[in-house]
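Everything on this sheet refers to the single structure shown next.
The values are calculated or read from the model by the stated rules, or taken from the named source; none is laboratory data. Remember, it's a predicted structure, so these values are computed and weren't measured experimentally. Cβ atoms come from the backbone with ideal geometry, glycine included; neighbour counts cover every protein chain shown.
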Amino acid sequence: MSNLELEQLREKVDAVNLQILSLINERASVIQDIGKLKEKQGVDRYDPLRERHMLNLLKDNNDGPLEQKTVDHIFKEIFKSALNMQEEDTRKALLVSRKKKAEDTVITINGEQVGAGDPSFIFGPCAVESQEQVSKVAEAIGAKGLKMIRGGAYKPRTSPYDFQGLGLDGLKMLKKAADQYNLAVVSEIVTPGHLEAALDYVDVVQVGARNMQNFELLKAVGSINKPVLLKRGMSATIEEFINAAEYIIASGNENIILCERGIRTYEKATRNTLDISAVPILKQETHLPVFVDVTHSTGRRDLLLPAAKAAIAIGADGVMAEVHPDPAVALSDAQQQMDLGQFDEYYDALMKFMKQYELKI
Ligand code: PEP
Ligand code: MN
């Protein structure tokens, strides 16, 4: 074969490639139209019978030289890419998505701009246990000029025999302590039925990991006018997490803080596995502030500081950690809460780290 002949054949291949490219793009745009139509009709996009029909039609018309299994393989990839494209379109359309709203959502809580650049902090005990306990923690938080305190009054415990929380009485104690030191109250609500009464005492409603896909609760907190701190389910993918937030925003509440709190993996050295890369992914995919709960993700006091540093360095808008005046006698999560002295050291070290690396504040 002469060089000229080879050149001509190659040119032909290039031309065919361009034809194929133009045809698969034409196909993709028809598929997009079908997707829109199906969405309007509320029909599922994936239709295996239709796919079988298309493959049969190709088989009946395949004159070679490509083998049928090669043709099947190529076309299955084309079918898959169209489906992926439709999923990408759906993601773009989500109200929580960055594509829908480019600017960061900034939530003002007790005068603090959460998500505006400087990291925010939520500290407080795992559970509200007594007035004295929460007041001591509130005092320590207030002394640092911080704006929020956390504490669970409705505790979703693994065992029904474990401390279940003080309920509304606990919220009243937390609110009293918070008012004394000018703090906003962050507390978990586990059922829509508790919401109305709780709102007199709670400024930020937490939806816990175990309730991330409690869709009725998500709709209920979507219809209030207070911010929601939504924690990632312990076995939830990032996509499921984003969709849970979508439930809240779709019901009318845009003030959502996403909180990565570790996921369940085979690793036993930590209580959960902190999925640190979820932070930049959530920041890219959504316009919502993203926090990291270093306490429940690591379950280890010795890892609270390095995990918080990592969270801030990777771009988290805030950190949550548990503080208790006497963790040894705490009614829940005794191994992982900081005492007040450790809290001082922790906060000082974190501030020093942030200054050292010019990570805002
Ligand atoms: C909590 O923050 O009090 C809590 C129970 O955490 P999670 O829902 O992440 O387990
Ligand atoms: Mn806890």
Within segment 115-149, restricting to residues that are assigned to a strand (DSSP E or B) and among the β-branched types (Val, Ile, Thr), the one that is surrounded by the fewest Cβ atoms within 10 Å (Cβ to Cβ) is 122
Query raised in the report: Would it be correct to say that residue 177 is in a helix (DSSP H, G or I), surrounded by fewer than 15 Cβ atoms within 10 Å (Cβ to Cβ) and more than 21 Å from the chain's Cα centre (by Cα)?
Result: no
Going through segment 332-361 in order, the residues found to be within 16 Å of ligand 2 (Cβ to nearest atom), free of Cβ contacts under 8 Å to residues at least 60 places away in the same chain and among the acidic types (Asp, Glu) are 339
(message) Checking the structure you have, find out if any residue of segment 274-295 is farther than 19 Å from residue 233 by Cα and either touching a Leu at 6+ places or on another chain (Cβ under 9 Å) or among the small types (Gly, Ala, Ser) (or both).
(response) no
Within segment 211-235, the count of residues that are away from ligand 1 (no atom under 11 Å from the Cβ) and either closer than 19 Å to residue 275 by Cα or part of a loop (DSSP other than H, G, I, E, B) (or both) comes to 8
A careful count of residues in segment 1-36 that are touching a helix residue (DSSP H, G or I) at 6+ places or on another chain (Cβ under 7 Å) and farther than 16 Å from residue 79 by Cα gives 0
Those residues of segment 43-93 which are more than 16 Å from residue 31 (Cα to Cα) and part of a loop (DSSP other than H, G, I, E, B) amount to 61, 62, 63, 64, 65, 66, 67
In the set 276, 281, 238, the lone residue that is in contact with a strand residue (DSSP E or B) (Cβ under 8 Å, 6 or more places away or on another chain) and at pLDDT 95 or above is 276
Inside segment 120-173, the number of residues satisfying the requirement of being more than 14 Å from ligand 1 (Cβ to nearest atom) and small (Gly, Ala, Ser) is 9
